[in-house]
1. Could you tell me which numbered condition residue 59 fails, if it satisfies all but one of (1) farther than 18 Å from residue 26 by Cβ; (2) free of Cβ contacts under 8 Å to residues at least 24 places away in the same chain?
2. For the stretch 103-112, give me the residue count where each residue is surrounded by 15 or more Cβ atoms within 10 Å (Cβ to Cβ) and in a helix (DSSP H, G or I).
3. For the stretch 23-33, give me each residue that is surrounded by fewer than 17 Cβ atoms within 10 Å (Cβ to Cβ) and either over 14 Å from the mean Cα position of the chain (by Cα) or farther than 22 Å from residue 99 by Cα (or both).
4. Taking the stretch 1-56 only, how many residues are assigned to a loop (DSSP other than H, G, I, E, B), in contact (Cβ under 8 Å) with a residue 12 or more places away in the chain and out of contact with any helix residue (DSSP H, G or I) (no Cβ under 9 Å at 6 or more places or on another chain)?
5. Can you find, within the stretch 138-155, the residue that is surrounded by the fewest Cβ atoms within 10 Å (Cβ to Cβ) among those that are assigned to a helix (DSSP H, G or I) and in contact with a helix residue (DSSP H, G or I) (Cβ under 8 Å, 6 or more places away or on another chain)?
6. Take the stretch 63-75 and flag every residue that is at pLDDT 95 or above and assigned to a strand (DSSP E or B).
7. Condition first: at pLDDT 95 or above and farther than 21 Å from residue 142 by Cα. Can you find one or more residues in the stretch 48-62 that meet it?
8. Would you check if residue 115 is in contact with a helix residue (DSSP H, G or I) (Cβ under 8 Å, 6 or more places away or on another chain) and either buried (at least 16 other Cβ atoms within 10 Å of the Cβ) or at pLDDT 95 or above (or both)?
């Protein structure tokens, strides 16, 4: 499956967020690569995923291969992950049938809140106008990819965000 998405920081959470579906997600990575093999516990459903970059330097599109696995397989693999992260994901409706996936990170990334929007095609992605509660577009920021975030702390991410803000001035 081709994943076509944009990622942003969140300026402020929507007031009605709590009324929408959410899942606790644990995901672990077996290497430092952007194309690292990943396992995920998505609210009690378990997956093994490999994301492949389609165009070098473009972090908005991936070829994603996902296979369901059993809980027992996940539990056996989890301890051998090189790094991991935990987040709560909210599924929030947007205009034009799009959905925002709002990730509130826990543990060493507590304080980080991001939002991703997946698009059915390139035309929809190019036409997208982010709502005012979306912050900085981080789609093309190397550090914003989950395999990289899993090895960082919120303090380090905050420094990267501040550096980004200074470079815009």
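The values are calculated or read from the model by the stated rules, or taken from the named source; none is laboratory data. Owing to the predicted nature of the structure, the values given are computational and were not obtained by experimental measurement. As a convention, Cβ positions derive from the backbone with ideal geometry for all residues, glycine included, and neighbour counts pool all protein chains shown.
1. Residue 59 satisfies all of (1) farther than 18 Å from residue 26 by Cβ; (2) free of Cβ contacts under 8 Å to residues at least 24 places away in the same chain except (2).
2. 2
3. Passing the criteria: 30, 31, 32, 33.
4. Here the count works out to 9.
5. 142
6. Passing the criteria: 65, 66, 67, 68, 69.
7. For the stretch 48-62, residues at pLDDT 95 or above and farther than 21 Å from residue 142 by Cα: present.
8. No: the conditions fail for residue 115.
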